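Q: Handing you a structure now.
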Amino acid sequence: MVDEKDRFGEKLHQKEKAEEDRFFAARDQALLEKLRREKTAAQLAELRELAHMRCPKCGDGLATVEHHGVRVEECPACHGMWLDQGELEQLAHRERDSWLGRLFFRAKA
């Protein structure tokens, strides 16, 4: 009879240990996932900082210049010109009858 009580107590102890192990494994998994997200966010911010105002073609720094009243970013090395949507809208409104204006206004319709 004493032997059965010891086995029951041992099984209860094993069950408690298993539940504790599951709890800490889940907590550790959540903490690891949080660290991964933070690391990924930090790496993404670092990459954005490195790529900001860089030429997508050659990687040289971009300079803001004005061409025909529109300020665009130009690469001094490969002379590529890069513009955002607002600059494209300025050009399209001014050149409504050109291929650029037709392309821009057809795409928005």
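Please treat every number below as a calculation from the coordinates, not as lab data. Source: prediction; values computed, not measured. Counting neighbours? That spans all protein chains shown, and the Cβs are built from the backbone with ideal geometry, glycine included.
Q: For every helix of n ≥ 4 consecutive DSSP H residues, a contribution of -39,500 (n - 2.57) applies; sum these over the chain, divide by its total residues, and give [θ] at 222 nm rounded to the nearest 500 deg cm²/dmol.
A: Counting only the DSSP helices, I get -22500 deg cm²/dmol.
Q: Please determine, in degrees from 0 to 90 and to the nearest 10, the orientation of helix 85-94 with respect to the longest principal axis defined by the Cα atoms of the chain, where the helix direction is its Cα long axis.
A: That works out to roughly 20 degrees.
Q: How high is the relative contact order of the chain? Use alpha-carbon pairs under 8 Å, at least six apart in sequence, and give a whole percent.
A: Numbers: 62 pairs, mean separation 11.2, N = 109.
Value for the chain: 10 percent.
Q: Enumerate the amide H contacts of Glu95 below 5 Å, restricted to partners 5 or more residues apart or on another chain; note that Pro and chain-start residues carry no placed amide H.
A: Amide H neighbours of Glu95, under 5 Å, 5+ apart: none.
Q: Would you look at the GNM of the chain, springs on alpha carbons closer than 10 Å, and say which of His52, His68, His93 moves the most?
A: Highest fluctuation among the options: His68.
Q: Please compute, over every Cα-Cα pair in the stretch 1-52, the percentage with a separation greater than 17 angstrom.
A: When all Cα pairs of the stretch 1-52 are counted, 62 percent exceed 17 Å.
Q: On to the next question. What is the helix-to-structure angle for 2-51, meaning the angle in degrees between its Cα long axis and the longest Cα principal axis of the chain, kept from 0 to 90 and rounded to the nearest 10?
A: The two axes meet at around 10 degrees.
Q: Here's something else I'd like to know. Once the other residues with Cβ under 9 Å from the Cβ of Thr64 are scored (Lys, Arg +1; Asp, Glu -1), what is the net sum?
A: Values: positive: Arg71; negative: Glu66, Glu73, Glu74.
Net charge around Thr64: -2.
Q: So how many Å³ per residue does the convex hull of the Cα atoms of the stretch 63-108 work out to?
A: Numbers: hull volume 3.5 nm³, N = 46.
Residue-normalised Cα hull volume stands at 75 Å³.
Q: Given the options Ala63, Ala51, Ala30, state which has the largest fluctuation in a GNM of the chain using a 10 Å cut-off (strictly under) for Cα springs.
A: So, out of Ala63, Ala51, Ala30, the one fluctuating most is Ala30.
Q: Moving on to the next point. Can you give me the pair-distance distribution of the chain, C-alpha pairs, 10 Å bins, whole percents?
A: 12, 19, 17, 13, 10, 9, 8, 7, 5, 1
Q: By average Cβ neighbour count within 10 Å, what is the ranking of 71-77, 82-88 from highest down?
A: 71-77, 82-88
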